[in-house]
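Each remark here refers to the structure printed beneath this line.
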Amino acid sequence: MNIQNITIFDTTLRDGEQSPGASMNTEEKIQIALQLEKLGVDVIEAGFAAASPGDFDAIARISEQVKNATICSLARALDKDIKAAGDAVAKANMQRIHTFIATSPIHMEYKLKMTPEQVIKKAVEAVSYAKTFCDDVEFSCEDAGRSDVGFMKEVLDAVINAGATTLNIPDTVGYRMPSEMGAIIKSLHEVVKDRAIISVHCHNDLGLAVANSIESILNGARQIECTINGLGERAGNAALEEIVMILRTRKDLFATYDTHVNIKEIYPSSKLVSSITGIDPQPNKAIVGKNAFAHESGIHQDGILKHAQTYEIMSAKDIGLDQNSIVLGKHSGRHAFKDKLIALGFSLKDAEVNDAFDRFKILSDAKKEIFDDDIRALIADEITKIPQIFELITLQLSDCNPGGVPSAAVSIKYDGQIITDAAIGNGTMDAVFKVIDRVCGVSGELRDYKVDAVTQGKDALARVIVKVIFDESKPAIMGHGLSVDTMLATAKAYIGALNSYMSMRDGLRSVHQKSGANI
Ligand code: KIV
Ligand code: ZN
């Protein structure tokens, strides 16, 4: 049987980062890119190089570190964007430039203010210029879902002649039904034939991104653009894990298709992305939601115990979620801890293992049983590598007596000096934020606060995510904090956001900031 590979083009770091509140710093993007490489995706769209120096830097560093996936940068059909994209991916083993221009009547008339002829000319110029940087050039008809198919055929024909190797058909606003999307791809495939790969990039505004992608495969698409957890602009993009598991689980329908994805890395990839972005998949999300493999009713539990396939079409273990894995505790040694890190897929240097082990020991004093997700959270917390401009040394809180005055005292290290102060507030948390503001000389405005338990139990590790505005003219900055004590996790998260803000302001660290480019 002739098995055809479906190219998995992951855009978590580009379209996924366009999810409200999902911006990531360079170190975080590198960690995700390395995990995507382990997952076995074929192409990593690492960002939009012309958007900001931070985006450029992240793509360039990912290009140096990832060896086994093509690294791609997005570029509008503009010379300056294409040059930035070409320069950013220059050090990658396998490089791709992805350039695009809109082809729908509404976009051409109102956004671009260009005629269809001008759009074709621009598309050809963009592809020709991109070809001077690398052979692998992808072209997208933005808003293809609402474009005239006849016009797209003209555009695609012209860009193939200019050297485009992949032709992407985005349903930019998530408008199409599966049958319509299939028909569009079929019609385009009839003229493209095997002159280039047809790709689709489906948005989820009507909840059809995955269905549209699958229907496109059945009609000739050989590349799917998708993201981990379905992150992405507005309602998101097609979820990578769903596409891959559909192809795998319904082998009866998709016997001739396969991907290079190592499905055991699906759950670790999902966890890494959610802990870095602070955006958890909804509990009932297919494949990676908290409830995806949970069986609540007695009848189902009974069936599962008798034969797993009575109520399960996939096994949690297949996607790397080992519900029966060994739990570590206070008496677990360095060796068992290291084995666990390897089993969870982390490849840390010796010094990093030692650091993580010290943190694990502190945690195991406070928490009886340490689950895989605790360890994942511990490591994810460590990898953000935000410079510790302000470092929390101690936090002391007043007793919460009814009618009492809540207060918080902190010692914070800054520039080699320890500064100690206290503040009162409307509640303990308010007092914590106030005293940190006072010591650090800022006035943060809390825009979002989220706390969740990483695993079960009264002694569960609390993960706090805050979004804070330190400067009205800048977007909210995210901070994470992890501790068995919720207030300590809160203080860490707030100081983490402050450190991110300071290092971005002082140019110590590149942080993604939208350039305002119209994508
Ligand atoms: O949704 C879209 O049209 C895009 C393109 C830039 C590919 O993200
Ligand atoms: Zn998109």
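The values are calculated or read from the model by the stated rules, or taken from the named source; none is laboratory data. This structure is a prediction, so every number in the text was calculated from the model and none was measured. Virtual Cβ from ideal backbone geometry, glycine too; neighbours counted across all protein chains shown. All accessible areas refer to the heavy atoms of the entire protein, side chains included, with ligands and DNA or RNA removed. Shrake-Rupley method; radii C 1.70, N 1.55, O 1.52, S 1.80 Å.
For Ser270, state whether it is assigned by TED's automatic domain parsing to the domain that holds Glu28 and of a type in the set (Gly, Ala, Ser). So Ser270 fits the description; yes. Return yes when Val432 is free of Cβ contacts under 8 Å to residues at least 60 places away in the same chain and either surrounded by 15 or more Cβ atoms within 10 Å (Cβ to Cβ) or assigned to a loop (DSSP other than H, G, I, E, B) (or both) and no when it is not. The answer is no for Val432. Is it fair to say Ile412 is modelled with pLDDT of 90 or more, touching a Cys at 6+ places or on another chain (Cβ under 8 Å) and among the β-branched types (Val, Ile, Thr)? Yes: the conditions hold for Ile412. Report yes if Val464 is at pLDDT 90 or above and either more than 18 Å from Ala380 (Cβ to Cβ) or loosely packed, with under 15 Cβ neighbours inside 10 Å (or both), otherwise no. Judged against the criteria, Val464 is not a match. When region 325-339 is filtered for residues that are in contact with a strand residue (DSSP E or B) (Cβ under 6 Å, 6 or more places away or on another chain) and either over 27 Å from Lys290 (Cβ atoms) or open to solvent by less than 50 Å² (accessible area, probe 1.4 Å) (or both), the ones remaining, listed by number, are Leu328, Gly329.
A quick yes/no check of all residues on (1) more than 14 Å from ligand 2 (Cβ to nearest atom); (2) crowded, with 22+ Cβ neighbours inside 10 Å; (3) at pLDDT 95 or above:
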{"site": "Gln18", "(1), (2), (3)": "no, no, no"}
{"site": "Ser73", "(1), (2), (3)": "yes, yes, yes"}
{"site": "Leu78", "(1), (2), (3)": "yes, no, yes"}
{"site": "Val89", "(1), (2), (3)": "yes, yes, yes"}
{"site": "Tyr110", "(1), (2), (3)": "yes, no, yes"}
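Checked against the criterion of being modelled with pLDDT under 95, among the charged types (D, E, K, R) and either within 13 Å of ligand 1 (Cβ to nearest atom) or in the same structural domain as Leu272 (by TED's automatic domain parsing) (or both), region 37-50 has no qualifying residue.
Yes/no per residue for (1) open to solvent by less than 40 Å² (accessible area, probe 1.4 Å); (2) not assigned by TED's automatic domain parsing to the domain that holds Gly479:
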site: Leu378; (1), (2): yes, yes
site: Thr394; (1), (2): no, no
site: Ser398; (1), (2): yes, no
site: Ile412; (1), (2): yes, no
site: Ile424; (1), (2): no, no
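Those helices (runs of 4 or more DSSP H) of region 144-239 in which 1 or more residues are crowded, with 22+ Cβ neighbours inside 10 Å and within 15 Å of ligand 2 (Cβ to nearest atom) occupy 178-192, 209-218.
Within region 245-281, the set of residues being outside any helix (DSSP H, G or I) and touching a residue at least 40 places away in the same chain (Cβ under 8 Å) comprises Ala255, Thr256, Tyr257, Asp258, Thr259, His260, Val261, Asn262, Gly278, Ile279, Asp280, Pro281. When each of Val244, Val273 is tested for being surrounded by 17 or more Cβ atoms within 10 Å (Cβ to Cβ), closer than 22 Å to Gln18 by Cα and of a type in the set (Val, Ile, Thr), the lone residue that passes is Val273. Is one or more of the residues making up region 490-504 in a strand (DSSP E or B) and either outside the structural domain of Pro406 (by TED's automatic domain parsing) or of a type in the set (A, V, I, L, M, F, W, C) (or both)? The answer is no; no qualifying residue exists.
Among the residues of region 1-16, the ones that are of a type in the set (Ser, Thr, Tyr) and either in contact with a helix residue (DSSP H, G or I) (Cβ under 8 Å, 6 or more places away or on another chain) or more than 16 Å from ligand 2 (Cβ to nearest atom) (or both) come to 2 in all. The condition of being of a type in the set (Phe, Trp, Tyr), under 30 Å from Glu225 (Cα atoms) and over 18 Å from the mean Cα position of the chain (by Cα) holds for only one of Tyr257, Tyr267, that being Tyr257.
The residue pairs whose first member lies in region 131-149 and is assigned by TED's automatic domain parsing to the domain that holds Ala92 and at negative phi, whose second member is within 14 Å of ligand 2 (Cβ to nearest atom) and open to solvent by 60 Å² or more (accessible area, probe 1.4 Å), and whose beta carbons are closer than 9 Å, counting only pairs six or more residues apart or on different chains, are Gly145/Tyr175; Arg146/Tyr175. Could you tell me whether region 340-354 includes any residue that is open to solvent by 80 Å² or more (accessible area, probe 1.4 Å) and of a type in the set (A, V, I, L, M)? Yes, that holds for at least one residue.
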